[in-house]
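Peer 1: Below is one structure. I have some questions about it.
The values are calculated or read from the model by the stated rules, or taken from the named source; none is laboratory data. Just so we're clear, the structure is a prediction, and the values are computed from it rather than from any experiment. Using ideal geometry, Cβ is built from the backbone for each residue, glycine included, and neighbour counts are taken over all protein chains shown. Accessible surface areas use protein heavy atoms only, side chains included; no ligands, DNA or RNA. Shrake-Rupley method; radii C 1.70, N 1.55, O 1.52, S 1.80 Å.
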Amino acid sequence: MITDEDYLYFAYRALDGMIGIVAELGDELANRRPPLPGANSPYALLTHSLGVVSYWAGALVAGREVVRDRDGEFTSAGTLRPLLAKAAIVRAQLAEDVRAAVPGERLRTTPPPGFLGPDRELTQGAALLHVYEELAQHHGQMEILRDALLAGQPTGSGR
């Protein structure tokens, strides 16, 4: 129904958009939470998004063992260089996982009940759609985070 290349085009637009925002904000602003109830930092949101891709495409679709601290993703912080390096690895692995997927086949394992996702049994193709859903949703969320963070900066602050 959709080619691997078409899927990756749209998934990469969302993922690359988040990576670009975090890189643009720099270490300080990327780790800051805007003054909005329940807001995440862009750093934490990208960390979470990489966890989503690694787990849903890597473990559930490709069958790799993936260790994930979902709760810890939302409190993560640090310098950008290691995070951006990890993002490049996850991005490349996503292409391999998508190309190896058998869309109509069952998942390689069952997600833990605590991992929020679709509330029905999924195929590999549906799990990849969930990855895209999460990337697109979090990209939009990160655009709002960026705008809120930049709105609080003095003009010409040089970030």
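Peer 1: Report, in debye and to the nearest 20, how large the dipole of the chain comes out about its Cα centre when Lys and Arg carry +1 and Asp and Glu carry -1 on their Cβ.
Peer 2: Working: 15 positive and 20 negative charges, 63 e Å.
My answer is approximately 300 debye.
Peer 1: Once you order the gyration tensor axes a ≥ b ≥ c over the Cα atoms, which shape class does the chain get: rounded for a/c under 1.5, otherwise prolate or oblate by comparing a/b with b/c? Intermediate values should be presented prior to the final figure.
Peer 2: On the way: a/c = 2.18, a/b = 1.88, b/c = 1.16.
Verdict is prolate for the chain.
Peer 1: Follow-up. Determine how large the accessible area of D16 is when every protein chain is in place; take a 1.4 Å probe and give Å² rounded to the nearest 10.
Peer 2: 60
Peer 1: If I fit a long axis through the Cα atoms of helix 42-53 and take the longest principal axis of the Cα atoms of the chain, what angle between them do I get, 0 to 90°, rounded to 10?
Peer 2: So the inclination is approximately 10 degrees.
Peer 1: Within the accessible area of segment 41-159, what % is carbon and sulfur when the probe is 1.4 Å and the other protein chains stay in place?
Peer 2: After summing per-atom areas, the C and S share lands at 53 percent.
Peer 1: Can you tell me the FRET efficiency between R120 and R70 if r is taken as the Cβ-Cβ distance and R0 is 22 Å, rounded to the nearest 0.05? Mind showing how you got there, number by number?
Peer 2: Values: r = 20 Å, r/R0 = 0.90.
Computed FRET efficiency for R120 and R70: 0.65.
Peer 1: Would you kindly calculate the mean projected area, averaged across all directions, of the convex hull enclosing the Cα atoms of segment 1-55, in square nanometres? Before the final figure, lay out each step's value.
Peer 2: Numbers: hull surface 19.5 nm².
For segment 1-55, the mean projected area of the Cα convex hull comes to 4.9 nm².
Peer 1: Now, a different point. Does segment 59-99 come out rounded, prolate or oblate by the C-alpha gyration tensor, with a ≥ b ≥ c the root eigenvalues, rounded set by a/c under 1.5 and, if not, prolate when a/b is larger than b/c and oblate if not? Numbers along the way, then the final one.
Peer 2: Numbers: a/c = 3.40, a/b = 1.41, b/c = 2.42.
It is oblate, given that a/c is not under 1.5 and a/b is not larger than b/c.
Peer 1: Still on this structure: What length, rounded to one decimal in nm, is gained on full extension from D6 through to Q93, with 0.36 nm per residue of separation minus their alpha-carbon distance? Display every interim value, and only then the final one.
Peer 2: Values: separation 87, 0.36 × 87 = 31.32 nm, distance 1.63 nm.
Extra length from D6 to Q93 when fully extended: 29.7 nm.
Peer 1: Solvent-accessible area per residue for segment 6-157 at a 1.4 Å probe radius, Å²?
Peer 2: On the way: 7820 Å² over 152 residues.
That works out to 51 Å² for each residue.
Peer 1: For segment 90-144 and segment 11-64, compute the distance between their C-alpha centroids and round to whole Å.
Peer 2: Taking the Cα centre of each part, segment 90-144 and segment 11-64 sit 14 Å apart.
Peer 1: If you stretched the chain out fully between D27 and A148, how much longer would it get, using 0.36 nm times the residue separation minus the C-alpha to C-alpha distance? List each step's numbers first, then the result.
Peer 2: Working: separation 121, 0.36 × 121 = 43.56 nm, distance 1.62 nm.
So the extension gain works out to 41.9 nm.
Peer 1: Using a 10 angstrom cutoff on alpha carbons, build the Gaussian network for the chain and name the most mobile of G51, G63, G17.
Peer 2: G63
Peer 1: How far, in degrees from 0 to 90, does helix 4-30 lean away from the longest principal axis of the Cα atoms of the chain, to the nearest 10?
Peer 2: 30
Peer 1: Net charge near H130: determine it from the other residues with C-beta under 12 Å of the C-beta of H130, scoring Lys and Arg +1 and Asp and Glu -1. Write down the numbers at each step before the final one.
Peer 2: Details: positive: R120; negative: D119, E133, E134.
Around H130, the charge tally is -2.
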